[in-house]
There are 2 protein chains.
Amino acid sequence: MSLEPDSFAWTDARETAWSAGREALAAGTAGWTASSAPLEQCLGLVLAEPITAQLPVPHYASSAMDGWVLAGTEPWQLKPPGSALAASEAAPVVTGGLIPEGTVAVLRSEYGVVEQADGQQQLRRAPGVPAEEPPAGRHIRPAGEEAAAGDTVVPAGTRLTPAHVAVAAVCGYDSLPVYRAPAVGLLLTGDEVVTGGLPAPGQVRDTFGPTLPAIVAALGGQPSPPHRLPDDFEATREAIEGSKASVIVTTGGTGHSRADHLRSALQAAGARILVPSIRMRPGHPALLAQLPGGRLVIGLPGNPLAAMMALLTLGAPLLAGLTGRAMPELGGVAAGSRFAPLEGRHRLVPYALDGHGAVPAEHVGSAMMRGLAAASGVVVIPPQGARPGELVATLPLPW
Amino acid sequence: MSLEPDSFAWTDARETAWSAGREALAAGTAGWTASSAPLEQCLGLVLAEPITAQLPVPHYASSAMDGWVLAGTEPWQLKPPGSALAASEAAPVVTGGLIPEGTVAVLRSEYGVVEQADGQQQLRRAPGVPAEEPPAGRHIRPAGEEAAAGDTVVPAGTRLTPAHVAVAAVCGYDSLPVYRAPAVGLLLTGDEVVTGGLPAPGQVRDTFGPTLPAIVAALGGQPSPPHRLPDDFEATREAIEGSKASVIVTTGGTGHSRADHLRSALQAAGARILVPSIRMRPGHPALLAQLPGGRLVIGLPGNPLAAMMALLTLGAPLLAGLTGRAMPELGGVAAGSRFAPLEGRHRLVPYALDGHGAVPAEHVGSAMMRGLAAASGVVVIPPQGARPGELVATLPLPW
């Protein structure tokens with residue numbers, strides 16, 4: 001587990017820094033989490049090794065009909081279900097039932113009648129059923145029809161749907177080799193934050209507690225319930241050092257004022273700062289650090305829109321790498337109006353679509369979520385801005 | 001809560017029966033589950049009433065910079081943070097801090113210096129800062145900038161993303177009126193089913209336990225852990241009558257043989273059969289019933305592919321209606337080869353794409369999941385079949 005500070009050029013002003021940084025993050029964490037997980041925990045995860053049939057599927061020949069298994073010519077002496085058959089013998093069978101040794105074919109229930117003869121039960125064809133019925137093999141599902149033992153049925157790298165997991169079960173697996181969802185700890189700061197009711201002057205409502213767990217889960221992480229911290233150096237350091245999560249996401253405290261404790265707490269915990277800030281707006285104060293032992297810390301700004309843009313910039317590729325998923329690909333849309341340049345920084349702007357293309361949405365200040373909630377998506381505007389009609393990148397949203 | 005048997009024409013042979021049945025199901029359950037849920041439980045749910053701002057957002061004017069609030073002309077007498085200001089007074093403020101009464105503008109920290117004068121602290125402009133700095137209103141974020149009190153910020157009918165839930169929090173909500181995910185009980189039958197290891201001859205591995213909860217959740221339900229039943233009339237009746245779920249999904253036992261107990265158990269429980277079977281393949285023995293009091297029972301066949309096709313046919317529209325979502329829309333694809341007709345029945349066929357369009361996938365027997373796992377999707381072939389090049393409907397998969 002190692003991510004190198006030199007991988008990241010996000011404090012550069014180069015145009016490609018933002019995209020290149022995402023790619024470096026995804027590559028830097030690729031494959032850290034491969035291990036075995038029980039089937040019911042594998043849905044949505046990426047398979048680390050192929051699934052091969054551990055036995056022929058189905059592993060025994062079975063009847064496709066309710067009726068009788070039989071061998072030889074009419075009349076057939078009726079044996080108990082499951083008996084091995086000799087010539088002119090038959091036995092009852094239900095759909096899906098095992099085909100006993102010696103069976104030639106299955107006679108469906110509507111085609112036979114059972115009679116008493118010499119104190120024994122005999123099976124005969126029902127009146128009108130032709131003498132060639134059943135031909136050899138009729139209504140027998142052979143073993144190995146779905147897969148031969150050893151067949152690769154799902155290739156490595158597949159993101160597992162319920163259909164894949166069902167196939168793994170019938171192929172004899174109880175667990176699968178997958179890239180597991182990493183545990184993600186959530187530490188929320190801000191003495192001014194309240195979690196319910198109408199806030200008093202100077203207070204703001206928490207937007208992270210009800211939303212970050214679901215966003216982290218959508219990006220591939222396994223979030224713990226959010227933990228709230230006072231704006232205090234010692235409490236911040238203890239929470240970071242004490243967390244057992246592979247990835248810690250914090251909100252707030254990323255600035256450099258006396259009320260901001262994240263950077264000093266990281267330093268005290270012996271963390272290396274991999275990304276001290278990102279040349280983007282909003283979200284510039286975001287940071288990425290690595291604790292001794294390899295655990296990662298994503299520091300998000302306290303403003304909700306800034307935090308979301310930073311999480312999608314830093315967290316989405318990191319978690320894609322950790323979970324073996326392809327990195328969320330950028331889309332594209334035509335700019336419907338001019339987007340102003342911003343020296344040295346990418347701008348991430350929630351947009352609406354008008355007749356010409358993407359135009360900035362309203363209500364997109366870094367503390368505002370209203371614009372993002374109503375937006376068609378988020379455009380990534382490079383430092384030189386964009387002209388009307390120019391194709392600009394769009395950021396994939398995890399919902 | 002009422003669904004009428006007459007709404008369903010799925011035992012008709014008419015071509016439109018399959019699609020019309022889906023629409024009737026979604027319409028029949030629409031809006032049953034509207035109620036209030038805490039914010040963190042609302043993600044992915046559909047809003048039943050609009051979200052309106054309960055207060056101006058932000059609800060107080062705040063500083064956009066670290067520095068000083070001030071009024072009147074230089075020099076400014078320095079007051080404690082938060083003091084109401086008279087002419088030629090100033091007070092320290094941090095970003096996001098409350099703007100006190102009397103404030104005219106904010107002077108950013110780099111633009112001011114504090115000196116001692118007559119035993120008091122005085123604020124002055126730093127050398128080189130022009131005398132017109134700060135103009136009135138500078139660096140003040142006004143109240144109501146994101147929304148005025150009473151503004152509709154999210155319309156009814158919206159499926160809630162984390163951005164909407166964040167907006168609801170800042171608008172003063174602790175809970176929201178939504179169509180809640182209905183509780184779905186899962187009852188799995190089959191004495192021949194084993195849940196782990198390599199199955200013995202006559203045994204089959206369970207494919208439902210590890211997959212149905214996730215599929216039901218993706219369709220909008222809130223699944224309970226699967227409950228396993230013996231192939232026994234009394235146990236089946238007790239489990240159905242005893243379930244507290246709004247929707248019960250069963251697997252297996254939908255046939256009419258002596259080993260199948262679902263239909264007799266439903267009759268004993270006083271259920272009305274709304275859909276006794278569906279003219280489709282695979283999945284024909286599936287049923288829909290309603291218990292006294294309105295609870296619904298979806299009976300799926302025991303074969304995995306048949307069960308999945310029946311769940312997507314019956315369960316997807318029912319859960320869409322219950323959760324206020326738009327019904328999953330059918331897609332379309334060109335047939336890449338001839339699909340044979342099947343008198344009176346729709347066929348649901350996992351397909352692969354070749355150069356010409358959709359062709360049937362391999363391994364698509366009703367007991368097989370391998371074909372579906374590898375398929376590009378599922379085509380819905382009408383009773384008259386489809387010619388090469390003809391546009392055929394595709395069934396949306398929930399993963």
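Quick notes on this one:
- Scanning region A:193-208 for residues that are out of contact with any Asp or Glu (no Cβ under 7 Å at 6 or more places or on another chain) and either surrounded by 17 or more Cβ atoms within 10 Å (Cβ to Cβ) or over 28 Å from B:ALA53 (Cα atoms) (or both) yields A:PRO199, A:ARG205, A:ASP206, A:THR207, A:PHE208.
- Leading residue by the ranking (surrounded by the most Cβ atoms within 10 Å (Cβ to Cβ)) among those in region B:339-357 that are of a type in the set (D, E, K, R) and touching a strand residue (DSSP E or B) at 6+ places or on another chain (Cβ under 7 Å): B:ARG347
- Scanning region B:193-217 for residues that are farther than 18 Å from A:PRO162 by Cα, at the interface with another protein chain (Cβ under 7 Å from one of its Cβ atoms) and among the aliphatic types (A, V, I, L, M) yields a total of 1.
- Selection from region A:358-381 of residues that are in a loop (DSSP other than H, G, I, E, B) and either surrounded by fewer than 20 Cβ atoms within 10 Å (Cβ to Cβ) or touching a helix residue (DSSP H, G or I) at 6+ places or on another chain (Cβ under 7 Å) (or both): A:ALA361, A:GLU362, A:HIS363, A:VAL364, A:GLY365, A:SER366, A:ALA367, A:MET368, A:MET369, A:SER376
- Once region B:275-292 is narrowed to residues that are in contact (Cβ under 8 Å) with a residue 40 or more places away in the chain and assigned to a loop (DSSP other than H, G, I, E, B), the residue that is nearest to B:VAL378 (Cα to Cα) is B:PRO282.
- Subset of region B:59-112 [within 23 Å of A:ARG258 (Cβ to Cβ), small (Gly, Ala, Ser) and free of Cβ contacts under 8 Å to residues at least 24 places away in the same chain]: B:GLY82, B:SER83, B:ALA91
- Residues of region B:264-311 that are more than 22 Å from B:VAL204 (Cβ to Cβ) and either within 14 Å of chain A (Cβ to nearest Cβ) or charged (D, E, K, R) (or both): B:ARG272, B:ARG279, B:ARG295.
- Failed criterion for B:ALA183 (all others in (1) within 20 Å of B:ALA26 (Cβ to Cβ); (2) crowded, with 19+ Cβ neighbours inside 10 Å hold): (2)
- Some residue of region B:314-333 being surrounded by 18 or more Cβ atoms within 10 Å (Cβ to Cβ), more than 14 Å from every other protein chain (Cβ to nearest Cβ) and under 15 Å from B:THR251 (Cβ atoms): yes
- Scanning region B:50-65 for residues that are part of a loop (DSSP other than H, G, I, E, B) and under 30 Å from B:LEU176 (Cα atoms) turns up B:PRO50, B:ALA53, B:GLN54, B:LEU55, B:PRO56, B:PRO58, B:HIS59, B:TYR60, B:ALA61.
- Residue list for region B:384-395, restricted to those being under 23 Å from B:GLY21 (Cβ atoms), free of Cβ contacts under 8 Å to residues at least 60 places away in the same chain and surrounded by fewer than 19 Cβ atoms within 10 Å (Cβ to Cβ): B:GLY385, B:GLU390, B:LEU391
- Taken together, A:ALA307, A:ALA259 contain a single residue that is in a helix (DSSP H, G or I) and within 30 Å of B:PRO92 (Cβ to Cβ), which is A:ALA307.
Yes or no, residue by residue, for (1) more than 24 Å from B:VAL165 (Cβ to Cβ); (2) free of Cβ contacts under 8 Å to residues at least 24 places away in the same chain:
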position	(1), (2)
A:LEU300	no, no
A:HIS346	yes, no
A:ASP354	yes, yes
A:GLU362	no, yes
A:GLY365	no, no
A:ARG370	no, yes
A:VAL378	no, no
A:PRO382	yes, no
A:LEU397	no, no
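- As a summary of the residue check, B:ALA136 satisfies the conditions (1) without any contact (Cβ under 8 Å) to a residue 60 or more places away in the chain; (2) under 27 Å from the mean Cα position of the chain (by Cα) except for the one numbered (2).
- Verdict on B:ALA334 being free of Cβ contacts under 8 Å to residues at least 60 places away in the same chain, farther than 21 Å from B:PRO301 by Cα and assigned to a loop (DSSP other than H, G, I, E, B): no
- The number of residues in region B:302-338 being touching a strand residue (DSSP E or B) at 6+ places or on another chain (Cβ under 7 Å) and small (Gly, Ala, Ser) comes to 11.
- Every condition in (1) buried (at least 24 other Cβ atoms within 10 Å of the Cβ); (2) within 14 Å of chain A (Cβ to nearest Cβ) holds for B:THR236 except the one numbered (2).
- In region B:177-236, the qualifying residues are those that are among the polar types (S, T, N, Q) and modelled with pLDDT of 95 or more, and the one that is farthest from B:ALA320 (Cα to Cα) is B:THR195.
- Qualifying residue in region B:314-328 (condition: touching a Phe, Trp or Tyr at 6+ places or on another chain (Cβ under 6 Å), free of Cβ contacts under 8 Å to residues at least 24 places away in the same chain and in a loop (DSSP other than H, G, I, E, B)): no
- Residue that is farthest from B:ALA367 (Cα to Cα), among those in region A:150-171 that are more than 7 Å from chain B (Cβ to nearest Cβ) and within 14 Å of the chain's Cα centre (by Cα): A:GLY157
- If you go through region A:242-274 and pick out every residue that is in contact with a Gly (Cβ under 9 Å, 6 or more places away or on another chain) and without any contact (Cβ under 8 Å) to a residue 60 or more places away in the chain, you end up with 8.
- When B:ALA27, B:ALA48 are screened for being away from every other protein chain (no Cβ under 11 Å), in contact with a helix residue (DSSP H, G or I) (Cβ under 7 Å, 6 or more places away or on another chain) and over 30 Å from B:ARG124 (Cα atoms), only B:ALA27 passes.
- Of all the listed residues (B:THR73, B:THR95, B:THR11), the sole one being away from chain A (no Cβ under 14 Å) and at pLDDT below 90 is B:THR11.
- Selected residue [surrounded by fewer than 20 Cβ atoms within 10 Å (Cβ to Cβ) and either away from every other protein chain (no Cβ under 12 Å) or within 19 Å of B:PRO304 (Cα to Cα) (or both)] from A:GLU132, A:GLU146: A:GLU132
- Number of the condition not met by A:PRO350 [criteria: (1) more than 14 Å from chain B (Cβ to nearest Cβ); (2) touching a helix residue (DSSP H, G or I) at 6+ places or on another chain (Cβ under 6 Å); (3) outside any loop (DSSP other than H, G, I, E, B)]: (1)
The values are calculated or read from the model by the stated rules, or taken from the named source; none is laboratory data. This one's a predicted model, so the numbers in the text were calculated from it and none came from an experiment. Positions of Cβ are backbone-derived with ideal geometry, glycine not excepted, and every protein chain shown enters the neighbour counts.
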